[in-house]
Amino acid sequence: MRRGLIARSQTELPDAVLEARLSRVRATMAKAQLDALIVYTNNTRPAGVSWLTGFVPYWSEALLVVPREGEPYLVAALSFRVKTWIERVSRLGDVLHTPRVGLKAAQQIAAMRVGVNVGIVDFDGLPTGIAQDLHEAGQGLTFRDASAEFAALRAKADPTEIALTTKAATIARRALAAARGDDLNSIIAIVESEARANGAEEIYLAAVPDLERSSRFIRIEGDLPLGQQFALRATVAYKGAWIRLVRCFCRPQIAHDAAARFAAAVAVLPSERGFSGFRSWLVEGCRLTQPLDPLCGTRIDDARPLPAGALVSVQAWLSFEGVVLPLGAPALLGSDGEAASLLADPVFE
């Protein structure tokens, strides 16, 4: 369950932006001869529905149904008592409540007319029970995977996405800059408190307690000894925008030099050549419903293309003076031959 405040801001996410996205979706649906589109959401896969409606679930699951003609509506497993909250924080034509969201969604779509063609975003990732209910109640419907069409729509970030992602990066940087204390738990508590005070809807913190022993990030449970050199990674969500940012606690000159090499490597993305001198690297971004989906890197077998203008979070591990330093920051890939640029400076004074 999320612990941060989720609220709607017409200034940061105006109706006009959501309507423009829906118009693009409907145009794609018409070209693909789809009469309706289904997008699944839960608290770990909020990205598709939040992009179209602004809705971000605290818990449970739901299906967004986008008819080619008519307003989108949400079929939610949440109880009726949260209906007014959902309507307040999102832009939807209606909210329907039922424990079997697949059954209800299929019934609603089938009532449109006979022979409706339905596209499902992230078809293979749809929970089995929901898929079975869709087929049970929608025997006259034709279902097909619409992931490729949706991913193409999400490929290039619009100005509102860039602004929200930059805000998430700013929250993460301020929180990591506030880190202080003699033990890891107190440091993490300060960072989390700072992030939430600045508006983070969610923050997950991982750490490398001692860089001289390991460079692997772990979730901290219990008391762990803190080395002279360590690292923190903040994964922050703000109004549907998710980023990762890493801070290394080491000698300032090492941090500066490593960050400069990291920024230079990011600048030439989508080319991989900038990371040739790194131990490993990973690029994550949003294609469908997961906000930080692994796209490419040293351990990704089926790499996804990195489109121009996409928002991503990049992590890399660099050997530096006998220590492997983890580095990471969100970035915007360049368009029209421009270099990619970091949205947050990974150097902390």
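The numbers here are math on the coordinates, done by the rules we state, and not lab data. Worth saying up front: this structure is predicted, and the values here are computed from it rather than measured. Every residue, glycine among them, receives a Cβ derived from its backbone with ideal geometry; neighbour counts consider all protein chains shown.
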Within the set Val283, Val82, Val116, GNM on the chain using Cα springs under 10 Å gives the largest fluctuation to Val82
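Excluding same-chain pairs closer than 8 in sequence, count the lysine pairs in the chain whose Cα atoms lie under 22 Å apart. Spell out each step's value before the answer.
Working: Lys31/Lys156; Lys83/Lys104; Lys83/Lys239; Lys156/Lys167; Lys156/Lys239; Lys167/Lys239.
Summing the qualifying lysine pairs gives 6.
By how many nm would the segment from Gln253 to Glu321 grow when fully extended, if each residue of separation counts as 0.36 nm and the alpha-carbon distance is taken off? Let's see the in-between values first.
Numbers: separation 68, 0.36 × 68 = 24.48 nm, distance 1.12 nm.
Working it through step by step, the gained length comes to 23.4 nm.
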What shape does the range 1-137 take by its C-alpha gyration tensor, where a ≥ b ≥ c are the square roots of the eigenvalues and a/c under 1.5 counts as rounded, a/b above b/c as prolate, and the rest as oblate? oblate
Among Gly337, Gly199, Gly119, the residue with the largest mean-square fluctuation in a Gaussian network model of the chain built from Cα contacts under 10 Å is Gly337
Taking placed amide H atoms and a strict 5 Å upper bound, the residues 5 or more places from His97 or on another chain that come that close are Ala76
MRE, 222 nm, helices only [DSSP H, n ≥ 4, -39500 (n - 2.57), over the chain, to nearest 500]: -9500 deg cm²/dmol
Could I have the simple spin-label model distance between Arg216 and Tyr204, label points 7 Å from Cα toward Cβ, reported in nm to one decimal? 1.7 nm
In cubic angstrom, how much convex hull volume per residue do the alpha carbon atoms of the range 241-347 span? 95 Å³
Alpha-carbon spread of the chain, three principal axes, descending order, Å: 68, 44, 37
Prolate/oblate/rounded call for the range 159-342, Cα gyration tensor, a/c under 1.5 rounded: oblate
Highest GNM mean-square fluctuation among Ala16, Ala255, Ala36, for the chain with Cα springs under 10 Å, belongs to Ala16
Neighbour cut-off at most 10 other Cβ (10 Å), DSSP loop, GluC sites (Glu not before Pro), the range 204-296: Glu221
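What FRET efficiency comes out for Ala163 versus Trp85 if R0 is 35 angstrom and r is the Cβ-Cβ distance? Round to the nearest 0.05. Kindly include the intermediate steps, with their values, before the conclusion.
On the way: r = 25 Å, r/R0 = 0.70.
Computed FRET efficiency for Ala163 and Trp85 comes out at 0.90.
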If I model a spin label at Arg113 and Ser335 as a point 7 Å from the Cα along the Cα→Cβ vector, what separation in nanometres do I get? 3.6 nm
Report the longest stretch of the chain that contains none of the trypsin sites (Lys or Arg not before Pro) sitting in a DSSP loop with at most 13 other Cβ atoms within 10 Å. 4-112
Could you grab the relative contact order for the chain? Cα pairs under 8 Å, six or more apart, rounded to a whole percent. 15 percent
